[in-house]
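Encoded as structure tokens, the structure appears first; notes follow it.
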Amino acid sequence: KTVMLFDAGGSNSSPLRILVGHDGALTSIASSPASGAALLLTASRDCTARLWDSRSSLGPVHVFQGHSNTVTAALFTADGRRAVTASD
């Protein structure tokens with residue numbers, strides 16, 4: 001249900017950002033190559049995928065709905081212009 005963003009090169013173990021919004025467990029996360037990894041796409045058992053701006057903790061930029069089952073995978077196309085999701 002929660003994404004925590006950490007500084008992978010730093011010595012601080014506290015999260016830089018905490019992104020909360022899904023109602024079910026997360027199943028997948030991807031970063032956009034076109035955004036310098038600022039945009040994140042998460043998939044969840046709540047049947048949604050969510051687009052996040054990792055520079056902000058204000059909530060998802062967009063909630064993608066339409067799946068009737070758990071969203072098991074989420075990714076960006078190579079150019080970062082589209083989000084792709086899959087479900088059971």
Whole-Hz Karplus couplings 3J(HN,Hα) for region 23-39, θ = phi - 60° and coefficients 6.51, -1.76, 1.60, Gly and Pro as x, run 9, x, 4, 6, 10, 7, 8, 9, 10, 7, x, 7, 9, x, 6, 6, 8
Residue by residue through region 55-64, the couplings from Karplus 6.51 cos²θ - 1.76 cosθ + 1.60 with θ = phi - 60°, in Hz, x for Gly and Pro, are 7, 10, 10, 7, x, x, 6, 8, 10, 8
To the nearest 20 debye, the chain has a Cα-centred charge dipole, built from +1 on Lys and Arg Cβ and -1 on Asp and Glu Cβ, of 100 debye
For Leu16, other-chain or 5+-apart residues with amide H closer than 5 Å (H placed, Pro excluded) are Leu5, Phe6, Asp7
Residues whose built amide H sits under 5 Å from the amide H of Thr72, excluding neighbours closer than 5 in sequence, are Ala86, Ser87, Asp88
Once normalised by the length of the chain, the mean sequence separation of its alpha carbon contacts under 8 Å that are 6 or more apart gives a contact order in percent of 24 percent
The value for the chain (convex hull of the alpha-carbon atoms, volume per residue, Å³) is 89 Å³
Share of accessible surface on carbon and sulfur in region 1-86, whole %, 1.4 Å probe and ligands ignored, is 51 percent
For Ser28 the rounded accessible area (nearest 10 Å², probe 1.4 Å, non-protein molecules ignored) is 30 Å²
Over all Cα pairs of region 1-48, the Kirkwood radius sets Rh, and Rg/Rh then becomes 1.01
For region 72-88, Karplus-derived ³J(HN,Hα) couplings (6.51, -1.76, 1.60; θ = phi - 60°; whole Hz; x for glycine and proline) come out as 9, 8, 8, 7, 9, 5, 4, 7, x, 8, 10, 9, 10, 10, 9, 9, 5
For the chain, the per residue accessible area (1.4 Å probe, Å²) is 60 Å²
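The values are calculated or read from the model by the stated rules, or taken from the named source; none is laboratory data. Not measured: the values here are computed from a predicted model. Quick reminder, even Gly has a Cβ in these numbers, built from the backbone with ideal geometry, and neighbours come from all protein chains shown. For accessibility, only protein heavy atoms count, side chains too; no ligands or nucleic acids. Shrake-Rupley method; radii C 1.70, N 1.55, O 1.52, S 1.80 Å.
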